[in-house]
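Heads up: the structure comes next, in structure tokens.
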Amino acid sequence: MDHDELECFLILAEELHFGRTAARMRLSRARVSQLVQRLERRIGAPLFIRTSRKVSLTQLGRQLRDDLEPHHRGIQEAVARAGAAARGVTEVLHVGFSNPLAGEIVLKVTQVLRGAHPGLAVEFCEVPLGDPYGKLRNGEFDVQLTDFPAREEDLGGVPALLTEERVLAIAADHPLAARETVSVEDLAQVALLTVVGEVPDYWLEYHVPARTPAGRPIGRGPAVTNMAEALILVASGQGALLAAAHTATYYARPGIAYVPFRDAAPVEYGLTWRAGDETGTVQLFARTAFAVAREVAGADPRRAVPGRRPAVARR
């Protein structure tokens with residue numbers, strides 16, 4: 001098995017989507033398909049089930065993925081340690097972030113730490129929408145900045161660093177799109193997109209509630225695995241999305257309106273790590289993140305550090 005086959009197989013096993021795999025590898029979809037087929041011929045059996053609607057692993061594919069992942073990760077870590085040593089880096093911290101705002105904060109923390117602690121390298125990557133804690137649990141992340149709630153018994157963390165108001169992402173031609181604000185009760189008029197994957201029920205209920213506060217049922221739209229897919233469905237009128245206010249800035253696009261809520265609980269962001277694994281470096285990152293979060297909140301009235309209620313964003 002050559003390196004490209006290994007990389008392609010593991011990325012496709014994670015994404016379960018040929019287009020996203022091709023984008024991550026900077027290859028054409030045809031080349032990705034060719035690499036997978038070559039590996040399947042080498043193995044002697046199919047590793048993926050392909051239909052017009054989805055891609056999934058066969059039982060043999062799942063076995064191969066589980067056998068390969070720890071070895072592949074070990075090789076990557078060994079190469080990273082060697083490169084870090086060559087650059088004079090003595091420690092590497094792996095950080096996850098759940099969305100663009102969290103990524104903005106992680107980047108600013110990294111820049112601060114780079115100047116104050118040149119021996120520390122911070123590497124960061126997005127947390128999969130459909131598996132918010134998997135990479136943290138398996139050691140790919142040391143800590144992650146993510147949207148709450150987080151009530152996992154095997155994970156620890158700190159109180160919220162930042163809060164942000166919520167908006168309703170909805171097709172621009174929907175009647176609710178013409179309003180200045182909406183209420184949580186208005187969700188009875190839409191079908192909310194849901195998230196498929198290893199997502200805790202309590203997290204899903206907070207971000208994709210089944211009923212309004214008055215008990216009215218909220219419809220369910222299609223399930224999604226990433227934000228790009230969700231926005232396409234919103235623009236096409238197939239569902240709405242309960243989102244953080246920053247989404248209107250980072251994901252502005254034709255066909256979608258972002259309408260502020262006047263009564264929805266805000267989104268909170270905080271740091272999470274494996275319980276009992278609070279290293280000095282993780283604590284250093286947490287302290288720096290608190291300071292950076294205050295700067296970010298001070299620059300934008302829609303965001304607030306704990307204890308200060310953010311203003312409602314106007315459309």
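Residues 210, 248, 265, 228: which one is under 30 Å from residue 23 (Cβ atoms) and at pLDDT 90 or above? Matching residue, one of 210, 248, 265, 228: 248. Answer yes or no as to whether residue 122 is under 15 Å from the mean Cα position of the chain (by Cα) and over 30 Å from residue 191 (Cβ atoms). The answer is no for residue 122. When every residue of the range 119-138 is checked against the conditions, none turns out to be free of Cβ contacts under 8 Å to residues at least 60 places away in the same chain, farther than 18 Å from residue 11 by Cβ, out of contact with any Cys (no Cβ under 7 Å at 6 or more places or on another chain) and charged (D, E, K, R). The residue of the range 128-167 that is most open to solvent (accessible area, probe 1.4 Å), among those that are within 15 Å of residue 276 (Cβ to Cβ) and not in a loop (DSSP other than H, G, I, E, B), is 137.
From the residues in the range 168-207 that are acidic (Asp, Glu) and surrounded by fewer than 15 Cβ atoms within 10 Å (Cβ to Cβ), which one is nearest to residue 229 (Cα to Cα)? Looking at the filtered set, the residue picked out is 198. Going by the structure shown, is residue 121 touching a strand residue (DSSP E or B) at 6+ places or on another chain (Cβ under 9 Å), aliphatic (A, V, I, L, M), part of a strand (DSSP E or B) and farther than 27 Å from residue 193 by Cβ? So residue 121 fits the description; yes. Please work out if residue 217 is surrounded by fewer than 14 Cβ atoms within 10 Å (Cβ to Cβ) and at pLDDT 90 or above. So residue 217 passes the test. Only one of the listed residues (228, 223) is small (Gly, Ala, Ser), open to solvent by 30 Å² or more (accessible area, probe 1.4 Å), part of a helix (DSSP H, G or I) and closer than 20 Å to residue 53 by Cβ. That residue is 228.
Of all residues in the range 169-208, those being β-branched (Val, Ile, Thr) and part of a loop (DSSP other than H, G, I, E, B) number 5. Any residue in the range 105-125 that is over 22 Å from residue 280 (Cα atoms) and surrounded by fewer than 19 Cβ atoms within 10 Å (Cβ to Cβ)? Scanning the range 105-125 turns up no residue that is over 22 Å from residue 280 (Cα atoms) and surrounded by fewer than 19 Cβ atoms within 10 Å (Cβ to Cβ). The helices (runs of 4 or more DSSP H) located wholly in the range 8-117 that include 3 or more residues which are among the hydrophobic types (A, V, I, L, M, F, W, C) and under 25 Å from residue 142 (Cα atoms) occupy 59-86, 100-116.
The values are calculated or read from the model by the stated rules, or taken from the named source; none is laboratory data. Given the structure is predicted, the values throughout are model-derived calculations rather than measurements. Every residue, glycine as well, gets a Cβ built from its backbone with ideal geometry; the counts of neighbours run over all protein chains shown. The protein model used for the area step is the full one, side chains on, heavy atoms only, and it has no ligands, DNA or RNA in it. Shrake-Rupley method; radii C 1.70, N 1.55, O 1.52, S 1.80 Å.
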